[in-house]
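Everything below concerns the one structure shown next.
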Amino acid sequence: MNFNLPYISTSFSEFWTRWHISLSSWLRTYLYIPLGGNRHGPTRTTLNLMIVMTLGGLWHGASLSYALWGMAHGFLLVIERPFLKLLGDGSPAVRVIRMGIVFFCVTMLWIFFKLPNFDHALSYLKGMFMATDAPNPPKLFTNLALLYALPVIIQHAGIGALIEGRLRRWEPYLYGALAALACLEAGPDSTFIYFQF
């Protein structure tokens, strides 16, 4: 319940109403609103968002990467604000595009969250998009991320109805294959990241 389908968000502000709801609510109630929220003009709102999100990053740990992760989310919240009213809900195609943009930005920022050493995070990010001499580099264009995301895309993009009827019987096999692939590609055992906080 604390994570309400955050990856279907069509804006960064919606993402933060769905992701880690207890922490987001605490940050809003005890930091953002006491700082003035959005009641004192756009400049103050921008400053408040940046302060709150940076502190939200530092809540996870005292390192530059956590601070920059929070600042980056604050920056995304700031730059989207003028456009939210202009875009409205939009057509289904626009919603899917917006969902893709939010998903891409959020998942790229997880690199800074997962790798608290800033230089390591930058190297990892660079290695995803550029050729490198490192053995077994993490290449965005060769991994199975899209395949793993397929069930989520099918269920949340409104095309779940397309697999009704004869195709429906193959759905358990698809999920089973994806679970098997996830286990095979998982790498070494590691504890759930939130256990450390």
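The values are calculated or read from the model by the stated rules, or taken from the named source; none is laboratory data. Just so it is clear, the model here is predicted, and its values are computed rather than measured. Cβ coordinates were reconstructed from backbone atoms using ideal geometry, including for glycine residues, and neighbour counts include every protein chain displayed.
Would you mind telling me which numbered condition in (1) more than 28 Å from Phe118 (Cβ to Cβ); (2) buried (at least 16 other Cβ atoms within 10 Å of the Cβ) Pro82 fails?
Tallying (1) more than 28 Å from Phe118 (Cβ to Cβ); (2) buried (at least 16 other Cβ atoms within 10 Å of the Cβ), Pro82 fails exactly one: (2).
Please give the number of the condition Met108 fails out of (1) loosely packed, with under 14 Cβ neighbours inside 10 Å; (2) at pLDDT below 65; (3) under 21 Å from Arg18 (Cβ atoms).
If we test Met108 against (1) loosely packed, with under 14 Cβ neighbours inside 10 Å; (2) at pLDDT below 65; (3) under 21 Å from Arg18 (Cβ atoms), just (2) comes out false.
Within the stretch 25-47, restricting attention to residues that are touching a residue at least 12 places away in the same chain (Cβ under 8 Å) and among the polar types (S, T, N, Q), which residue is nearest to Ile97 (Cα to Cα)?
Taking the candidates together, the pick is Thr46.
May I ask you to list pairs of residues, at least six apart or on different chains, whose Cβ atoms are under 8 Å apart, with the first in the stretch 97-110 being closer than 17 Å to Phe75 by Cβ and of a type outside the set (A, V, I, L, M) and the second being in a helix (DSSP H, G or I) and at pLDDT 95 or above?
What qualifies is Cys105/Phe12; Cys105/Leu76.
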